[in-house]
1. Suppose we filter the range 118-137 for residues that are part of a loop (DSSP other than H, G, I, E, B) and within 19 Å of Val61 (Cα to Cα); how many remain?
2. Which ones in the range 184-205 are more than 16 Å from Ala74 (Cβ to Cβ), touching a helix residue (DSSP H, G or I) at 6+ places or on another chain (Cβ under 8 Å) and in a helix (DSSP H, G or I)?
3. Out of Val98, Val133, Val119, Val111, which single residue is under 14 Å from Ile161 (Cβ atoms), surrounded by fewer than 22 Cβ atoms within 10 Å (Cβ to Cβ) and either in contact with a Cys (Cβ under 7 Å, 6 or more places away or on another chain) or assigned by TED's automatic domain parsing to the domain that holds Ser15 (or both)?
4. Could you please find all residues in the range 34-65 being touching a strand residue (DSSP E or B) at 6+ places or on another chain (Cβ under 6 Å) and of a type in the set (S, T, N, Q)?
5. Given the conditions (1) surrounded by 17 or more Cβ atoms within 10 Å (Cβ to Cβ); (2) touching an Asp or Glu at 6+ places or on another chain (Cβ under 7 Å), and given that Leu249 satisfies all but one, which numbered condition is not satisfied?
6. Does Val28 satisfy being under 24 Å from Pro126 (Cα atoms), among the β-branched types (Val, Ile, Thr) and surrounded by 11 or more Cβ atoms within 10 Å (Cβ to Cβ)?
7. Does Leu92 satisfy the condition of being surrounded by 15 or more Cβ atoms within 10 Å (Cβ to Cβ), within 19 Å of Arg191 (Cβ to Cβ) and of a type in the set (A, V, I, L, M)?
8. Filter the range 138-158 down to residues that are outside any loop (DSSP other than H, G, I, E, B) and either out of contact with any Ser or Thr (no Cβ under 9 Å at 6 or more places or on another chain) or of a type in the set (Phe, Trp, Tyr) (or both), then give me how many there are.
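The values are calculated or read from the model by the stated rules, or taken from the named source; none is laboratory data. From a predicted model like this one, the values you see are computed outputs, not experimental measurements. Neighbour counts are summed over all protein chains in view; Cβ atoms, including those assigned to glycine, are modelled from backbone coordinates with ideal geometry.
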Amino acid sequence: MPESTPRTTLVTTKSALREHRAAMDGTVAAVLTMGSLHAGHLALVERARELADHVILTDFVNPLQFGPGEDYEAYPRDLEADLALVDGLVDLVFAPGVEEMYPVMPPTVSVSAGRAGTVLEGAARPGHFDGVVTVVAKLLRLTDPHLSVFGRKDAQQLAIIQRLVADLDLPVRIEPVEIQREETGLARSSRNAYLSAAGKEQALALSRTIAAALAAAPSLSGIQDALEAARERAEIDWDYALALDPATLEPAGPDHRGEVLVVLAGRVEGTRLLDAAVAVTTAP
């Protein structure tokens, strides 16, 4: 008889997580999520399975990264559906409650994302990235992985987490994974569920802008012109469309050569959407 597919184990406490983690031989990859899993998350899982012997997925809606006016309670949660989606694909799902993660709320000690956490998305969502790096630091400590995978769509988050690991000497490799897109080109996101069919069509302005910016490479000025043209068309309610130095998250200057991080953010039907890409410049 063929061997049955190994089933995924669910744990909800830190002690159970540590017990199962200690029993894992070989390499371990962590996929940190806030649940509401979709095909984009499955791409992270697939990459993690390629790189490690075992995969731990965390499923936790982190209250620390929700600011005033952001409805933490309304964030979509469906643990049963999440488990069904990854059953047999990951070894372990860690889905703790808030009290398990934060016995004291708000926590007495937390982590700061520094200046990088106050610009772009951080300017629109004060304190958001402090909440992100605090929970990521905790989850990396708890899962104790050799590597952890993160999508490139949340480009600022990825850059800040890379700095977190480097600055705090955390013994984990951060593995970026390319953006997963719907057939239309729209970047996959849990937030897409908030959009109507017309809203999804309108949101394609982001992926069209990414395509135009990449087509303008390797000229930095060409990329910047493509982004400016998108802002002027105002197809969506743009917050920003920028070409950044990936090391500093500052706008790329005229002398910049090499990788440029193209980052977009805008609102469609009240939903904040992101997109990003990495271009390489060799000319002004």
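1. Within the range 118-137, residues that are part of a loop (DSSP other than H, G, I, E, B) and within 19 Å of Val61 (Cα to Cα) number 3.
2. Answer for the range 184-205, where residues must be more than 16 Å from Ala74 (Cβ to Cβ), touching a helix residue (DSSP H, G or I) at 6+ places or on another chain (Cβ under 8 Å) and in a helix (DSSP H, G or I): Lys200, Ala203, Ala205.
3. Val111
4. Matches in the range 34-65: Thr58 only.
5. (2)
6. no
7. The answer is no for Leu92.
8. The total comes to 10.
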